[in-house]
Amino acid sequence: MTPATPDKLPLRNSGDILLVRQTVRAKAVELGFTLVDQTKIITAASELARNTVDYGGGGVVAIETLVDGSRKGLRLSFEDQGPGIPDLTLAMKDGWTSGSGLGLGLSGAKRLMSDFSITSKVGEGTKVVITRWK
Ligand SMILES: Nc1ncnc2c1ncn2[C@@H]1O[C@H](COP(=O)(O)OP(=O)(O)OP(=O)(O)O)[C@@H](O)[C@H]1O
Ligand SMILES: [Mg+2]
């Protein structure tokens, strides 16, 4: 698998989230994802970008194109140095929110993608990596 040079974008506010959505859409189109897949990827990206801004105190997202033989994929890595998540099992549950959200962002993003991984350390931050293969 050969990851190309990732695009790294900041995530500090709603304007940044919009730019991430547009960049992810352009990459997904360029890779030839179907309209349905594009929508899934953009939806997952929006949820995680929003979490990075709202709970992580801002961060960055790396956008990578993956090539594995004839297979292509898109990988997005969201990283923040925020408060971290004390209970990941709870945070991944449908409907659980520490705020006033619907509690569907993390679980929804997991369902929409081929791969999903989350690591978080209280006091250090959170990293969520999602991949969608064609
Ligand atoms: N980057 C992060 N840093 C710290 N806590 C986070 C982060 N991302 C998610 N969380 C925690 O995990 C919980 C669940 O996140 P999830 O996105 O599933 O739901 P939500 O953001 O609360 O609501 P929704 O996304 O449906 O509007 C959040 O309420 C928050 O407590
Ligand atoms: Mg959320």
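Restricting attention to region 5-33, the residues being closer than 19 Å to Thr126 by Cα and of a type in the set (A, V, I, L, M, F, W, C) number 4.
Among the conditions (1) crowded, with 17+ Cβ neighbours inside 10 Å; (2) free of Cβ contacts under 8 Å to residues at least 60 places away in the same chain; (3) part of a loop (DSSP other than H, G, I, E, B); (4) out of contact with any strand residue (DSSP E or B) (no Cβ under 7 Å at 6 or more places or on another chain), Trp96 misses just one, which is (1). If you go through region 47-79 and keep only what is closer than 15 Å to Lys8 by Cβ, among the hydrophobic types (A, V, I, L, M, F, W, C) and more than 16 Å from ligand 1 (Cβ to nearest atom), you end up with Ile63, Leu74. The condition (being at pLDDT 95 or above and surrounded by 13 or more Cβ atoms within 10 Å (Cβ to Cβ)) is satisfied by just one residue among Leu18, Leu106: Leu106.
Scanning region 59-74 for any residue that is under 16 Å from the mean Cα position of the chain (by Cα) and part of a loop (DSSP other than H, G, I, E, B) turns up nothing. Of all residues in region 19-34, those that are of a type in the set (Phe, Trp, Tyr) have Cβ atoms under 7 Å from Cβ atoms of residues that are not in a helix (DSSP H, G or I), 6 or more apart or on another chain, in Phe33/Lys134.
The values are calculated or read from the model by the stated rules, or taken from the named source; none is laboratory data. These figures come from a predicted structure and were not determined experimentally. Glycine gets a Cβ as well: all are built from the backbone with ideal geometry, and neighbour counts include every protein chain shown.
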